[in-house]
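Working notes, structure below.
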Amino acid sequence: MRTTVGIIGAGPAGLLLARLLHNAGIGSVVLESRDRAYVEQRQRAGILEQGTVDVLRAAGAGERMDREGLRHDGIELRFARERHRVDFPALTGGSSVTVYAQTEVCKDLIALQLKEGGPLLFDAEALAVEDADSEHPRVRFRHEGREDVLECDYVVGCDGFWGVARKAVPAGLSRVFERTYPFGWLGVLADAPPSHDELVYARHDRGFALLSMRSPTVSRLYLQVPEGTDAGSWRDEDIWDELDRRLETDDDWRLERGPVTAKSVTPMRSFVHEPMRHGRLFLAGDAAHIVPPTGAKGLNLAVGDVVTFARALVHLRATGSAERLDAYSETCLRRVWQAERFSYDMTTLLHRAPGAPPFEDRIQLARLRRIAASRAAETDLAEAYTGFPFE
C-alpha cells in the first residue's frame, strides 16, 4: 500500500486529520489497532474548546455536534461553601465551550471517512515506523492475520502514549518532561439529569469534585481519590454521599442522584516529549503529550496538533515551502506548554495533596478568592479554558 500521509490511530486526532487532508485533496490511510465498536464506545474527553468546535464545523463534521452538543458559557468554582461563576463570553470576547463527548466526535468522523474519505482500517495494528528520517517512511502493520507495509511521504502518529510512533524517535534525540500526581479521579456515568447547567469545579478539604454531564439526562461526575484506587471498592451510595459533601453550598442547591452505569479511575500525570517531529514522522496528541484532565485540554491539544500539520502540508503544496512543516514541533510545543501550565495550575488549585499542611489549604483559598475578586485573574482562566490559538 502507498499513500501521501499514513495516520496511525483512529481517535479524534487521527480521524480529524484524515478529514482535513481529504478536504484539501491529499490522500491518507488510517490504521487503527482496535475495532470500530471499541473506538466508538471508549469514554474519554467531553469538553470542546471554541477552536475545536470551529474546526469541526469547517471540516463538515459539526452538524450533529451543533444539534446535540451543549454550549456552555461558563463554569462554576466552589470553595468554602461559596459559589463563583466565570463568564466566558464576557471575559474572552465571545468564546465558549461545548459539551460533546469524544465518542460522538469519533462516530461523526468515522461515518464521514467511510463515506467520503480514504481507507480506514480497523483491527490494523501498527508494529513499527521504519525509515522515519528518509523521504519515504514506512509503517509496518498487521491486518487480517498478515503483515503488510504502508509506504508514505509522511507519517503522523496519533496512536497514544503506548503506541509505536514515539518509539521511532531515536533515544538520543528525545527529551521527556513529566510529573505524576499522588491522586486520581474516580469517574462515574449516571442516569441522572445534571445538577447544574454548567460544569462545577469544587475545592474541598476532603478533596476535589467535578460535576459535569454528557446530555440533559446523563451526568458525568468525578471525585479525587488516592492513587491506585480500585473503582469497584466504591459503593454507589458512598459516591453520591461523598459528592454531596464536596459540592455542598450555603444555599438550597441539591445534587440529583440516579443509577450509576459506569465507574473508572483515571491516573493524573503531566508528560511532554520533545521534539514532536523526527524526519517525516510527526507526533500528535497523547503520543507526544499528556495533561491531567482538570483543564479539559487533552482532546483539544490533539486537535491543535493535527490542524497545524494539515495547514503546514497544504502550505507546502501551495507554495513549495516546507517552512511550516519544519516549524511543526516548535509551533505545537508553544501551545502544549501553555496547556500544561494551565492544567497544572488548575490541578494544584483544586486538589488537596496527601499530607498537605494547613498553609497549602490557605494558599488554595487565597488563589480562588483572587480569581473571584479580580477580573484580570478571572480573564486569564477564561482565556485558557476556552482555548489557546492553534498557531
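The values are calculated or read from the model by the stated rules, or taken from the named source; none is laboratory data. Note that the coordinates shown come from a computational prediction; the quantities given were computed from them, not determined experimentally. Quick reminder, even Gly has a Cβ in these numbers, built from the backbone with ideal geometry, and neighbours come from all protein chains shown.
Would you confirm whether or not the range 22-33 contains a residue that is among the β-branched types (Val, Ile, Thr), touching a residue at least 40 places away in the same chain (Cβ under 8 Å) and surrounded by fewer than 23 Cβ atoms within 10 Å (Cβ to Cβ)? First the steps, then the outcome.
Initially, the range 22-33 is screened for residues among the β-branched types (Val, Ile, Thr), giving 26, 29-30.
Within this subset, residues satisfying the condition of being touching a residue at least 40 places away in the same chain (Cβ under 8 Å) are 26, 29-30.
From what is left, the residues that are surrounded by fewer than 23 Cβ atoms within 10 Å (Cβ to Cβ) are 26.
Yes, the range 22-33 contains at least one residue that is among the β-branched types (Val, Ile, Thr), touching a residue at least 40 places away in the same chain (Cβ under 8 Å) and surrounded by fewer than 23 Cβ atoms within 10 Å (Cβ to Cβ).
When you scan the range 221-234, do you find a residue that is in a loop (DSSP other than H, G, I, E, B), aliphatic (A, V, I, L, M) and either at positive phi or crowded, with 21+ Cβ neighbours inside 10 Å (or both), even just one?
no
Of these, Cys152, Cys158, which one is surrounded by 17 or more Cβ atoms within 10 Å (Cβ to Cβ), hydrophobic (A, V, I, L, M, F, W, C) and in contact with a helix residue (DSSP H, G or I) (Cβ under 8 Å, 6 or more places away or on another chain)? Please lay out each step first, then the result.
Numbers: Cys152 fails: in contact with a helix residue (DSSP H, G or I) (Cβ under 8 Å, 6 or more places away or on another chain).
Just a single option satisfies the conditions, and that option is Cys158.
Given the residues Arg362, Arg369, which is the only one that is among the basic types (Lys, Arg), touching a strand residue (DSSP E or B) at 6+ places or on another chain (Cβ under 9 Å) and either surrounded by 14 or more Cβ atoms within 10 Å (Cβ to Cβ) or on the phi < 0 side of the Ramachandran plot (or both)?
Values: Arg362 fails: touching a strand residue (DSSP E or B) at 6+ places or on another chain (Cβ under 9 Å).
That would be Arg369, the only listed residue that is among the basic types (Lys, Arg), touching a strand residue (DSSP E or B) at 6+ places or on another chain (Cβ under 9 Å) and either surrounded by 14 or more Cβ atoms within 10 Å (Cβ to Cβ) or on the phi < 0 side of the Ramachandran plot (or both).
Are any of the residues in the range 124-137 within 20 Å of Ala18 (Cβ to Cβ), surrounded by 13 or more Cβ atoms within 10 Å (Cβ to Cβ) and of a type in the set (Asp, Glu)?
yes
Which residues, taken from the range 73-121, are of a type in the set (D, E, K, R) and part of a loop (DSSP other than H, G, I, E, B)? Show your work before the answer.
So in the range 73-121, the residues of a type in the set (D, E, K, R) come out as 73, 76, 78, 81-83, 85, 87, 104, 107-108, 115-116.
Across the range 73-121, the qualifying residues are Asp73, Arg81.
Which of the residues that make up the range 300-324 are part of a helix (DSSP H, G or I), surrounded by fewer than 20 Cβ atoms within 10 Å (Cβ to Cβ), of a type in the set (A, V, I, L, M, F, W, C) and in contact with a helix residue (DSSP H, G or I) (Cβ under 9 Å, 6 or more places away or on another chain)?
Within the range 300-324, Val314, Leu316 qualify.
What's the total number of residues in the range 113-126 that are in contact with a helix residue (DSSP H, G or I) (Cβ under 6 Å, 6 or more places away or on another chain) and either modelled with pLDDT of 95 or more or among the acidic types (Asp, Glu) (or both)? Reasoning before the result, please.
Step one: of the range 113-126, the residues in contact with a helix residue (DSSP H, G or I) (Cβ under 6 Å, 6 or more places away or on another chain) are 113, 117, 120, 122.
From what is left, the residues that are either modelled with pLDDT of 95 or more or among the acidic types (Asp, Glu) (or both) are 113, 120, 122.
Matching residues across the range 113-126 total 3.
Just need a number here: residues in the range 277-295 that are surrounded by fewer than 24 Cβ atoms within 10 Å (Cβ to Cβ) and in contact with a strand residue (DSSP E or B) (Cβ under 6 Å, 6 or more places away or on another chain).
The total comes to 2.
Quick one: in the range 333-358, which of the residues that are free of Cβ contacts under 8 Å to residues at least 60 places away in the same chain and outside any helix (DSSP H, G or I) is surrounded by the fewest Cβ atoms within 10 Å (Cβ to Cβ)? Break it down into steps so the answer makes sense when it comes.
Initially, the range 333-358 is screened for residues free of Cβ contacts under 8 Å to residues at least 60 places away in the same chain, giving 334-335, 338-339, 341-342, 345, 348, 355-358.
From what's left, outside any helix (DSSP H, G or I): 355-357.
On the way: Gly355: 7, Ala356: 13, Pro357: 9.
Checked the range 333-358; the qualifying residue surrounded by the fewest Cβ atoms within 10 Å (Cβ to Cβ) is Gly355.
All but one of (1) more than 25 Å from His136 (Cα to Cα); (2) assigned to a loop (DSSP other than H, G, I, E, B); (3) among the β-branched types (Val, Ile, Thr) hold for Ile26, so report the exception by its number.
It is condition (1) that Ile26 fails.
Filter the range 45-72 down to residues that are among the hydrophobic types (A, V, I, L, M, F, W, C), part of a helix (DSSP H, G or I) and in contact (Cβ under 8 Å) with a residue 12 or more places away in the chain and give me whichever is surrounded by the most Cβ atoms within 10 Å (Cβ to Cβ). Explain how you work it out, then say what you get.
Going residue by residue through the range 45-72, those that are among the hydrophobic types (A, V, I, L, M, F, W, C) are 45, 47-48, 53, 55-56, 58-59, 61, 65, 70.
From what's left, part of a helix (DSSP H, G or I): 53, 55-56, 58, 65.
Next, only the ones that are in contact (Cβ under 8 Å) with a residue 12 or more places away in the chain stay: 53, 55-56, 65.
Working: Val53: 24, Val55: 23, Leu56: 26, Met65: 18.
Selected residue: Leu56.
Select from the range 24-54 the residues that are among the polar types (S, T, N, Q) and under 15 Å from the mean Cα position of the chain (by Cα) and write down the one among them that is farthest from Ile7 (Cα to Cα). Give the steps one after another, and end with the answer.
Keep residues of the range 24-54 that are among the polar types (S, T, N, Q), which gives 28, 33, 41, 43, 50, 52.
Within this subset, residues satisfying the condition of being under 15 Å from the mean Cα position of the chain (by Cα) are 43, 50, 52.
On the way: Gln43: 22, Gln50: 25, Thr52: 20 Å.
Among them, the one singled out is Gln50.
Mind telling me which of the residues Val164, Val200, Val176, Val169 ends up being closer than 23 Å to Glu104 by Cβ, aliphatic (A, V, I, L, M) and in contact (Cβ under 8 Å) with a residue 12 or more places away in the chain? Outline the logic, then answer.
On the way: Val164 fails: closer than 23 Å to Glu104 by Cβ; Val176 fails: closer than 23 Å to Glu104 by Cβ; Val169 fails: closer than 23 Å to Glu104 by Cβ.
Every option except Val200 fails the conditions.
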